[in-house]
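These notes concern the structure reproduced below.
Bear in mind that the values in this text are calculations on the coordinates, not laboratory data. Source: prediction; values computed, not measured. We place every Cβ from the backbone using ideal geometry, glycine too, and count neighbours over all the protein chains shown.
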């Protein structure tokens, strides 16, 4: 604050000095016209009282010039009023005022004293009053510009005091002493006010700085420098809500990084943050007045594109994908990620949340079917969205206890031709929608916490059925990624403990994709189930980002080879080689290998030749109801014997 207080540092470039100059010029501009009106009025009054006794030049020419100068200065200040001004311009104007003020004060004093000898004692008293009231007016009107006020006071009071003290008149000497004391008091008040004004301006500037900083923190993502989620939705709502009629069309985009999570898990959050910062920098370079880009959280970004058609928006989405897939170098690591983009054209009748959901679905479709590409929401995808909404609503409001059911598909040991386990398969017959396939409702339930409710309902029902099976027949039950959360896994443990089914008869299946979402969490949760006595199977092995790291870290007992490798195994040598490698891996790690999707005797023979003896598929049995399980078991036992 000390840099902001001294008025004479009129060319200081410190932020405090610039803020003070702007505040001074704002206050000063309101008082300058008043000052010149007072000076002009006093000059007219003094000239009028001396009109008959003083020379023409002193009562007409000089005051005419002074009044014209006052009017000119009023016009200048009025014309500049309300205009935006830089701190440098404000400092220059204050310096000008600090020079003009004392010069004009000296001119007024010389003119007044020139009239003193022409008048009677009454007119001489008027001259003294004129000088005193001029000093007081200047101090009060210039109090926001301390240098100007002190300059005027010094230029008038000092010579005027000398004049009064040298007259030899006791009354005038007393007036001079009184005026000196009053001037000292007013100068003191001026200094105090000037200091307090500077402190107030500095405090306001600091408050504004903190306010701007808080606003920045509230609206900007600190890691990437992009606008944050809050600012994104504010901008999105602004694009949709216009007071002048329908909102101009725009395109909403969602961007999600592909392959970021493995980098974050492998190298840690520090490197992950550097990757996000680099991605943010690349996206900032793509932004423009018509393209607003924000970070929504994690590795997800939002885009609002104005004044474009579908083809232009698609081209921009492709450009985003191309820009983000360029390799990036971080300390001690060379990383590469890609991006998928979902795009949707604005619809004026939709709220921001609904439009965002459509873009999110386009992104979801891109990640599932065209990873690393930009997908524009089509009419077909829009129909899928409506179907998705209907399914989600059905899951939310439906009586799932009554509507959910299970089918059981046998898993065979082909050496003994006996059923070793039944895999529980979810089915849902909605009261509103009718039968809904698991491929539709399970992914939607997994996108929310609804999957935990579905899992618990089905697990209780599956365990109740398994309680009546032979002890050697196990229950295989699928878990989703959300089922591996600490709260969900504790709920699963509680259901198992209350079921009366020995945990050694339970196999919990988890897909590679579910495990990859958070490998550390999956490892911890599955280890808890393993300690309970249950067995763990890695499902759909080979369908996702297959990694021996997962096999090594997870507490596994079984690996299930995805059915996609079995479809062409009769003709495709590569498929046979892959399956053989996985079978050998399981044997070396002492894990049970289960092959899914076996439908022909030829496939069974090939797999047996490769060393696999546990299989599942339509060849051995289609999914059946719980009521049909006992007869299926009896039939296979009879056939085996």
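Report, largest value first, the span of the C-alpha coordinates of region 58-129 along each principal axis, in whole Å.
Here the spans come out as 51, 19, 17 Å, largest first.
Return the distance in nm (one decimal) between the two label points of a simple spin-label model at residue 498 and residue 373, each offset 7 Å from Cα along Cα→Cβ.
Those two pseudo-labels are separated by 4.8 nm.
Which order do 49, 416 fall in if you start with the one that has the fewest other Cβ atoms within 10 Å?
Details: 49 18, 416 11.
So the residues, fewest neighbours to most, are 416, 49.
Angle between the Cα long axis of helix 352-369 and the longest principal axis of the chain, 0 to 90 degrees, nearest 10?
Tilt of helix 352-369: around 40 degrees.
For a test of the definition: using alpha carbon positions, the gyration tensor, and the 1.5 limit on a/c, classify region 333-423 as rounded, prolate or oblate. Please list the in-between numbers first.
Working: a/c = 3.44, a/b = 1.52, b/c = 2.26.
Oblate, since a/c reaches 1.5 and b/c is not below a/b.
So what's the angle, to the nearest 10 degrees on a 0 to 90 scale, between helix 519-532 and the longest Cα principal axis of the chain?
40
What share of Cα pairs, in percent, lie more than 27 angstrom apart in region 229-377? Before the final figure, lay out the partial values.
Values: 2291 of 11026 pairs.
Of all Cα-Cα distances in region 229-377, 21 percent exceed 27 Å.
I want to verify the translational diffusion coefficient of region 440-545 in µm²/s; compute it with Stokes-Einstein, Rh as the Kirkwood radius over Cα pairs, at 20 °C and 1.002 mPa s.
Working: Rh = 14.0 Å.
The diffusion coefficient I find is 153 µm²/s.
Give me the Å³ per residue figure for the convex hull around the C-alpha atoms of region 392-629. List each step's numbers first, then the result.
Numbers: hull volume 29.6 nm³, N = 238.
It comes to 124 Å³ per residue, whole-number rounded.
Over the chain, what portion of Cα pair distances is larger than 41 Å, expressed as a whole percent?
Numbers: 112759 of 205120 pairs.
More than 41 Å apart: 55 percent of the Cα pairs in the chain.
Nearest 10 degrees, 0 to 90: what angle lies between the long axis of helix 486-499 and the longest principal axis of the chain (Cα atoms)?
30
Among 140, 477, 292, which comes first, second and so on when ranked by fewest other beta-carbon atoms within 10 Å? Don't skip to the end; give the middle numbers.
Values: 140 16, 477 27, 292 20.
The fewest-first ordering by Cβ neighbours comes to 140, 292, 477.
Using all Cα-Cα distances in region 2-212, what percent lands in each 5 angstrom bin from 0 up to the longest?
P(r) for region 2-212, in whole percents per bin: 1, 7, 14, 17, 17, 14, 11, 8, 5, 3, 1, 1, 0.
Which shape class applies to region 509-636: rounded if a/c is under 1.5, otherwise prolate when a/b exceeds b/c and oblate if not, where a ≥ b ≥ c are the square roots of the Cα gyration tensor eigenvalues? Write out the running numbers ahead of the final one.
Details: a/c = 2.01, a/b = 1.21, b/c = 1.66.
Oblate shape, in that a/c is at least 1.5 and b/c is the bigger or equal ratio.
Above 15 Å lies some portion of the pair distances; for region 97-144, what is it as a whole percent of all C-alpha pairs? Kindly include the intermediate steps, with their values, before the conclusion.
On the way: 543 of 1128 pairs.
Result for the distance tail: 48 percent.
Please report 269, 389, 144 as a ranked list, fewest other C-beta atoms within 10 angstrom at the top and most at the bottom. Walk me through the numbers before you get to the answer.
Details: 269 10, 389 14, 144 24.
Placing the least packed residue first, the sequence is 269, 389, 144.
Per DSSP helix of 4 or more residues, -39500 (n - 2.57); summed, then divided by the residues of the chain. What does that give at 222 nm, rounded to the nearest 500?
It lands at -19500 deg cm²/dmol.
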